[in-house]
1. Per residue, how big is the convex hull of region 62-126 when only Cα atoms are used? Give it in Å³.
2. Determine, from the Cβ-Cβ distance of L91 and T46 and an R0 of 30 Å, the FRET efficiency 1/(1 + (r/R0)^6), rounded to the nearest 0.05.
3. How do M147, M72 line up, fewest other C-beta atoms within 10 Å first?
Amino acid sequence: MKILNTYISKLNIVLLVANITIIGAFFISNSKSKEDYKGLNYQTNTNEFIKKELGFSDEQYEKYLELNDKIMNGYKRNEEITCQNHYQFLLELAKDEPSLYKLDSISRASARIYAGHKTYTARHFLNIKSLCTPEQDKKLQQLIKEMLHIGACKSCVDSACVHKTDNVEIK
């Protein structure tokens, strides 16, 4: 009986953490305003930033927006599937005897979605690159290099870390 109580206590802790995570995510997502900086949403800011920084012509910008819509639709589908998988994962964990096979299956699906997200990101940058003139391509390359520095590994104590941009020569 004591072993059963121990398992139930551990399961309760896992479910409590999962519930707190869901509630926290819900409050965070609802607390953020749909409108950001200067009344523009994030995507509008990004689109305008790309147009301004790369000096896109109106024709290039229209083509960019068209290609970007396709990518954003893919991101939205991935987000919906991620949400469904998260719900199914927690639902399975809430069962008296969760199926490890089903949990593993949901986890693998989540990994494929993550890989799909990275593929959409790569397509997004390749789409932008396909629209660029040689001068704009150089500006895009520089923007990507700057993004590498923004996401640099700052917390790693390994001085030879390959993820630190100080150790990487970006050509």
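None of the figures in this text is laboratory data; all of them are computed from the coordinates on show. Here the structure is a predicted model, which means the values were calculated and not measured. FYI the Cβ positions are ideal-geometry reconstructions off the backbone, even for glycines, and counts take in every protein chain you see.
1. 49
2. Values: r = 35 Å, r/R0 = 1.15.
That pair, L91 with T46, gives E of 0.30.
3. By the 10 Å Cβ count, ascending: M147, M72.
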